[in-house]
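These notes are about the structure you will find just below.
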Amino acid sequence: MDKEKLMESARAVKQAAYAPYSNFPVGAALLLKDGTVISGVNVENVSLGATNCAERTAIFTAIANGYKKGDFQAIAVSGNTADFLPPCSICRQVLAEFCSPDMPVYLTNEKKDILELPLKELLPYAFTDLEM
């Protein structure tokens, strides 16, 4: 799947976001190595700390469906923003847990431009597996 199709999936799913407090819907489309695309949206809560971002929704759904660390090929993120919308820091760290540092992250803006970055550029000093 090319990045335009993956981004279109992220744009389309953001309509399903539950964002009554911020009115800021976000959609994510996660491409798995087997070609499956799993979507996610932000789901807000009046207790803002209980809110879940679109990127984590997609990753957690993939894990719940039996996918594992290393099964992730790319992610596209879409919001209604003039500039490119990067994942928050928590989402970046969750991406670092399950994805390769070189995995492409696609970001878009209201003009439908697409910026491609490897995950390691979004989170250059990620926490990694701990040796116990």
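The values are calculated or read from the model by the stated rules, or taken from the named source; none is laboratory data. Keep in mind that this is a model prediction, so the values were computed, not measured. Here the Cβ positions follow ideal geometry from the backbone for every residue, glycine too, while neighbour counts run over all protein chains shown. Just so you know, the surface numbers come from the protein's heavy atoms only, side chains and all, with ligands and any DNA or RNA stripped out. Shrake-Rupley method; radii C 1.70, N 1.55, O 1.52, S 1.80 Å.
Before moving on, here are some points about what is shown:
- Some residue of region 7-21 being at pLDDT 95 or above, out of contact with any Leu (no Cβ under 7 Å at 6 or more places or on another chain), open to solvent by 60 Å² or more (accessible area, probe 1.4 Å) and under 15 Å from L107 (Cβ atoms): yes
- Taking region 73-89 as the range and being at pLDDT 95 or above, outside any loop (DSSP other than H, G, I, E, B) and loosely packed, with under 15 Cβ neighbours inside 10 Å as the test, no residue passes.
- Just one of the numbered conditions (1) within 17 Å of P25 (Cα to Cα); (2) open to solvent by 90 Å² or more (accessible area, probe 1.4 Å) is not true of E121: (1).
- Which numbered condition N42 misses (of (1) of a type in the set (S, T, N, Q); (2) out of contact with any Lys or Arg (no Cβ under 9 Å at 6 or more places or on another chain); (3) touching a residue at least 24 places away in the same chain (Cβ under 8 Å); (4) open to solvent by less than 60 Å² (accessible area, probe 1.4 Å)): (2)
- If you go through region 1-35 and pick out every residue that is in contact with a helix residue (DSSP H, G or I) (Cβ under 6 Å, 6 or more places away or on another chain), more than 14 Å from N80 (Cα to Cα) and of a type in the set (G, A, S), you end up with 1.
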